[in-house]
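The values are calculated or read from the model by the stated rules, or taken from the named source; none is laboratory data. Everything quoted here is computed from the prediction, not taken from an experiment. Here the Cβ is made from the backbone with ideal geometry for all residues, glycine too, and neighbour counts use every protein chain on show. Side chains included, ligands, DNA and RNA excluded: accessible areas come from the protein's heavy atoms. Shrake-Rupley method; radii C 1.70, N 1.55, O 1.52, S 1.80 Å.
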Amino acid sequence: MLNTVWAEAGWEELAPGVGRCRLPGWDCTVGLVVGEGAALMIDAGSSVREGVRLRTEAQALLGGGRVTHLALTHAHFDHVLGAAAFAGVEVFGAVGVDKVLADDRDELRADAVRNGADPREAAEATDLLVRPRHLVSGEWTLDLGGGRQVLLANVGPGHTPHDLAVLVPAGPGSPGGPGAVPSPEALEAREVVFCGDLVEESGEPQAGPDAVPSHWPAALDRLLALGGEDAVYVPGHGAAVDAGFVRAQRDALARRFGV
């Protein structure tokens, strides 16, 4: 059942025990998937301060529990610089993203500052940056307990050389912590796909210097095969969309890049 805990925390519950938050500044999306005794955060925000905020909000949503897993969809500052706030969690990323985060810290910091981040916060976050310990080359299934399994899929390259998507199959929900008040309407159990910046709704998909445009449409084909026609697709920026939106964006990218 839909409960008020997510909404009161400023989060949108997309399916039972699955939610997302749109962060200020760059309208970056982070996700949270609740299991039994475990929880997965998807992306970490743009600074250590923002990561601490997300960790604190997640603890409230989990009724005092903690985030145990963190998936980084790609190595851009607005998605990874909060990772240091999640000390002790198991961190996942696509194969190759660890090398980017190790070798390109100066460029990551500079990119954050170019886009308006506080220089001191950007320097702190890159100094403390956490790299993934678990690298996904194909697919990786996480068991979060209580019948909740999540699939991490390396579907890139596209927006970057190392794009990770997260599929949450329709399944068991979560009570959302103490004090949850159910709505009269049941929240529909449905598959949810966290797309990272392979999909964007609040603006044109951004193809920076590390984008791989010739492969981006194929990455969206893999994303659609992963989620199917009835899934909710969660872009890295903007409102949740359906398969038709993803397919239209795939076709627009193919025309844009002549693929």
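Each residue of segment 215-229 is assigned a 3J(HN,Hα), and the resulting list reads 10, 4, x, 5, 5, 6, 4, 5, 4, 5, 5, 5, x, x, 6 Hz, derived from the Karplus form 6.51 cos²θ - 1.76 cosθ + 1.60 (θ = phi - 60°), x at Gly and Pro.
When the solvent-accessible area of segment 197-243 is split by element, carbon and sulfur atoms take up 50 percent of it, the probe being 1.4 Å. Here the Gaussian network model covers the chain, with springs between Cα atoms less than 10 Å apart; of Ala218, Ala125, Ala85, Ala218 fluctuates the most. Between the amide H of Val232 and those of Glu191, Val192, Val193, distances stay under 5 Å, these residues lying 5 or more places away or on another chain, with hydrogens modeled in the peptide plane.
Using θ = phi - 60° in the Karplus curve 6.51 cos²θ - 1.76 cosθ + 1.60, the 3J(HN,Hα) couplings for segment 41-47 round to 9, 10, 6, 10, x, 9, 7 Hz; x is entered for Gly and Pro. Counted by Cβ distance under 10 Å from His134, the other residues give a net charge of -1, where Lys and Arg count +1 and Asp and Glu count -1. The residues packed around Gly244, meaning those with a beta-carbon under 13 Å from its beta-carbon, carry a net charge of -3 if Lys and Arg are +1 and Asp and Glu are -1. Helical content of the chain, expressed as a calculated mean residue ellipticity at 222 nm, amounts to -8500 deg cm²/dmol (DSSP H runs of 4 or more residues, -39,500 (n - 2.57) each, divided by residue number, nearest 500). Taking amide H positions as modeled 1.01 Å from N, with prolines and chain starts lacking one, the residues under 5 Å from Leu14 and 5 or more places away or on another chain are Gly19, Arg20. Placing +1 on the Cβ of every Lys and Arg and -1 on the Cβ of every Asp and Glu, with no other charges, gives the chain a dipole of roughly 280 debye about its Cα centre. Under 5 Å from the amide H of Asp163 lie the amide H atoms of Val155, Gly156, Gly158, each residue being 5 or more positions distant or on a separate chain, with H modelled from the backbone and absent for Pro and chain starts.
Rolling a 1.4 Å probe across the protein heavy atoms gives segment 1-114 an accessible surface of 35 Å² per residue.
Using θ = phi - 60° in the Karplus curve 6.51 cos²θ - 1.76 cosθ + 1.60, the 3J(HN,Hα) couplings for segment 22-35 round to 9, 7, x, x, 10, 6, 7, 9, 10, x, 9, 10, 9, x Hz; x is entered for Gly and Pro. For the chain, the relative contact order is 20 percent, taking Cα pairs closer than 8 Å that sit 6 or more residues apart in sequence and dividing their mean separation by the residue count. Contact order for segment 3-95, expressed relative to its length and based on alpha carbon pairs under 8 Å spaced 6+ residues apart, stands at 24 percent.
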